[in-house]
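Encoded as structure tokens, the structure appears first; notes follow it.
The values are calculated or read from the model by the stated rules, or taken from the named source; none is laboratory data. Everything quoted here is computed from the prediction, not taken from an experiment. Using ideal geometry, Cβ is built from the backbone for each residue, glycine included, and neighbour counts are taken over all protein chains shown. Just so you know, the surface numbers come from the protein's heavy atoms only, side chains and all, with ligands and any DNA or RNA stripped out. Shrake-Rupley method; radii C 1.70, N 1.55, O 1.52, S 1.80 Å.
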Amino acid sequence: MNTKTSTRGGARSAARRESPTVTLDMVALAAGVSPSTVSRILNGTAVVSEEKREAVDRAVAELGFVPNPVARGLAGGRTLSIGVVTQSIDSPFYGVALRGIEDELSKAGYSPLFVSGHWNADEEARCIDVLRSRRVDGIIVVTGRLSDSALRGHAKAQPVVVTGRSLSAPRLYSLDFDNFEGGRLATHHLLALGHRRIAFIAGDPRYPDANERLRGYRAALAAAEVPFRPDLVVPGQYSEDSGRMAVERLLDSREPFTAIFAANDQMALGAGLGLYRRKLRVPDDVSLVGFDDLASSVYSMPPLSTVHHPVQEMGELAAVAMLKLLAGETPTSTPPAPRFIARESSRQLRRPGG
């Protein structure tokens, strides 16, 4: 064993432990290049020989240098952070979308800053002000209540990507899912099973996706020449408890139905509980379908038939679109089309009539 080499190696390790702050100048000195060259290499903007690049990489590794993203951003005009306005961080739906955003941004060296707007336009506007004060490079808005004009206004200051909308403006890109087709597919599935009295638990009519899912429900009924019955449409709030209360309202109305289409899986799960408490079995007494295909839906009892909404992929596409805007390119992301997933919560109508 080379004692001198081992001693020197131990000294270097001890020096790193005793001196936690390694500067750009120290990396430059070790690599034999200028500090500006180190900065350009780390930012990915340098045109240098492979030898110099390897020398810098080696110095960074040996010294344990950790770049300061804020300092790099201030020097290069960017902070390598993206503001993300969601509606509820603890939501099983939005949480999956945020994971997609985070995964895609991290590949490019960006970090997301998440804030919740809680379905309130004023709160969302406040969130954007906070994010801009943190000098984020761009803002992703996951659905929400901000007006189209407000979003276009924010895009004048920095790149904006918004989901759940269909609008365009300079430095603004939108990604919208085909909720109409999803609603049509869910209703068509029940119609194909012989159901004619299909109840619909609607989402909040203030949101475009809720209206589009209702429109798809009505379009499928019309195509099958099944009368639309307003008494079979009850409001919900996209939560489990609102689905349970909607079923209780349907049953108390004594309006007959053989199937329920809930505008999201959370309401469908709540509806299932409401039916269970009234001694009705899914799907023996009532077929039940949802919308979104949340991870929990396959583990419900029985597993829930639902419309697959590629939530994580939508998050990934939003992040990719933002990165393209930052690079001065035009995004071309296209959300996948909805598809229906048939599971055990829906089945062929066995009773005559209906």
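Worth a mention:
- Mean projection area, nm², convex hull over Cα of region 222-261: 3.3
- Scaled against 2.2 N^0.38 Å for its residue count N, the alpha carbon radius of gyration of the chain is 1.32.
- When the alpha carbon gyration tensor of region 202-354 is reduced to an equivalent ellipsoid, the three semi-axes, largest first, read 32, 17, 15 Å.
- Portion, in percent, of the accessible area of the chain that falls on carbon or sulfur, probe 1.4 Å: 52
- Judged by the mean number of other Cβ atoms found within 10 Å, the most tightly packed of the peptides 100-107, 55-62 leads the ranking 100-107, 55-62.
- When the alpha-carbon atoms of region 71-183 are used, the pair Rg, Dmax equals 13.9, 49 angstrom.
- In this simple spin-label approximation, Ala327 and Lys156 carry label points 7 Å from Cα along the Cα→Cβ vector, and these lie 2.9 nm apart.
- Mean Cα-pair separation over length for the chain, i.e. relative contact order, pairs under 8 Å, 6 or more apart, %: 15
- Between the Cα long axis of helix 92-107 and the first principal axis of the chain there is an angle of about 30°, rounded to the nearest 10.
- Using alpha-carbon coordinates, inclination of helix 3-18 to the longest axis of the chain, degrees: 60
- In summary, the convex hull built on the alpha carbon positions of region 134-236 has an orientation-averaged projected area of 7.8 nm².
- DSSP beta bridges in the chain [antiparallel fraction, %, rounded to 5]: 10
- Between Thr330, Thr37, Thr163, the Gaussian network model of the chain with springs among Cα atoms under 10 angstrom shows the greatest mean-square fluctuation at Thr37.
- Angle between the chain longest axis and helix 50-63 axis [Cα atoms, degrees, rounded to 10]: 80
- Note on the chain: with a GNM built from Cα contacts shorter than 10 Å, the maximum mean-square fluctuation among Gly64, Gly243, Gly183 falls on Gly64.
- The chain, dipole about Cα centre (Lys/Arg Cβ +1, Asp/Glu Cβ -1), debye to the nearest 20: 200
- When each of the peptides 275-281, 312-318, 150-156 is scored by how many other beta carbons lie within 10 Å of its residues on average, the order from highest to lowest is 312-318, 150-156, 275-281.
- Think of region 80-228 as a dipole: +1 on every Lys or Arg Cβ, -1 on every Asp or Glu Cβ, centred on the Cα centre; then among Phe228, Ala199, Pro112, Phe228 lies furthest on the positive end.
- Region 274-354 shape via C-alpha gyration tensor axes, a/c threshold 1.5: prolate
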